[in-house]
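*Asks:* Quick one: this structure, given as C-alpha cells, is what I'll be asking you about.
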Amino acid sequence: MTGKLIFKMELFKFLRDKSFLIAAGVIGVVNIILTLVALSIFNFTDSYYDSSAAASMFVTFGFVLFILIWGNIIFAYIYPFHMISMDYKNNVMAMMVASGVNRRKLFFSKIGAIFICTIALMLMIALIPFILCLIKLMQSGAWNEFVEGFASVFYFTGLTLGKAIFSGLLGYLNMLMIIATSCIIMKGKNLSFLLFIGFNILNSIITGILSTVSIAFNFGSTGIYIFQLFLTIVSIVVFGYISLRTLEKQNL
C-alpha cells in the first residue's frame, strides 16, 4: 500500500469521526454566540460602562471568553490524543500492520492527517467570528486604529505575519510529535497524557536553556527567530525519531 493511499485512508477516517466533528461544531457555535454577545456589549459600552451591572457583565463575559479560548486550545492539543490512541484501543493498528501496511508510512500519514484536519477545522471555527469582528471594526470606524495597533506589535517584536504563522505551525507540529511519542510509547493508554506533560516540561527546559545562547552572543531579532526555529526543528526530529523507532520495534 502506497504512502499516498495510507494518507487518504487516515484523512477519511478522521473526517468520519463523529465525536471529532461534533466537538468542532459545538466549539464553533459557541465561538459565534460569544462573538455576537461581545459585539452587542460593545454597542452599549458608552452608555453603561460606569454602571455596576455593566461592569459585572464585562467580568462575566471576560471569564466566559477565557474559558472558550482554553476550550479551543484543548481541542487543538488534547484531541489529537484521541486520534492517535483510538487505533491502539480498537486494535486497528495491529490489524493494519498485520495486513502489510508499512509502519513508517503509517506514522507519517497519521501525523500529516492529524495536522491538516486539526488546522483546517480550527481555521473554520475561527472564520465566522473573525469576519464578524472585521465587519464591526469597519462599521465603527476603528479599522485604521486596529491596523496600526496590529502593525505596531510586529514592529516591536521584529516579526512579520508570515514569520509568526510559520513559527506557530512549526510549534504545533512539534507538539504533535511529542503527543505521538507519548501515545506510541504507552500504546494509546490514558497515562499517555502524563508522559506528554513530562516530555513537554523536559523539552521546554532544554530549549529554554539553549535559547540563552542567542542572548549570550547578542543575536539580533532575525538571528533569535532563526535560532528558535532551529531548536523547534531539532525537537521535531528527536521526538519524531523516538516515536518512529518505537513504533517500528513495537509488538502490536
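The values are calculated or read from the model by the stated rules, or taken from the named source; none is laboratory data. Note that this is a predicted model, so its numbers are computed, not measured. Because the Cβ atoms are built from the backbone with ideal geometry, glycine has one as well, and the counts that use them run over all protein chains shown. Keep in mind that these areas ignore ligands, DNA and RNA; they rest on the heavy atoms of the full protein, side chains included. Shrake-Rupley method; radii C 1.70, N 1.55, O 1.52, S 1.80 Å.
*Asks:* Condition test on Y225, is it under 17 Å from the mean Cα position of the chain (by Cα) and either assigned to a helix (DSSP H, G or I) or surrounded by 15 or more Cβ atoms within 10 Å (Cβ to Cβ) (or both)?
*Replies:* So Y225 does not fit the description; no.
*Asks:* Now, a different point. Among the residues of the stretch 186-221, which ones are aromatic (F, W, Y) and surrounded by 12 or more Cβ atoms within 10 Å (Cβ to Cβ)?
*Replies:* Initial filter on the stretch 186-221 (aromatic (F, W, Y)): 193, 196, 199, 217, 219.
F193, F196, F199, F219, listed by residue number.
*Asks:* Restricted to the stretch 100-141, and to residues that are at pLDDT 80 or above and of a type in the set (F, W, Y), which residue is most open to solvent (accessible area, probe 1.4 Å)?
*Replies:* Once the filter is applied, the top-ranked residue is F108.
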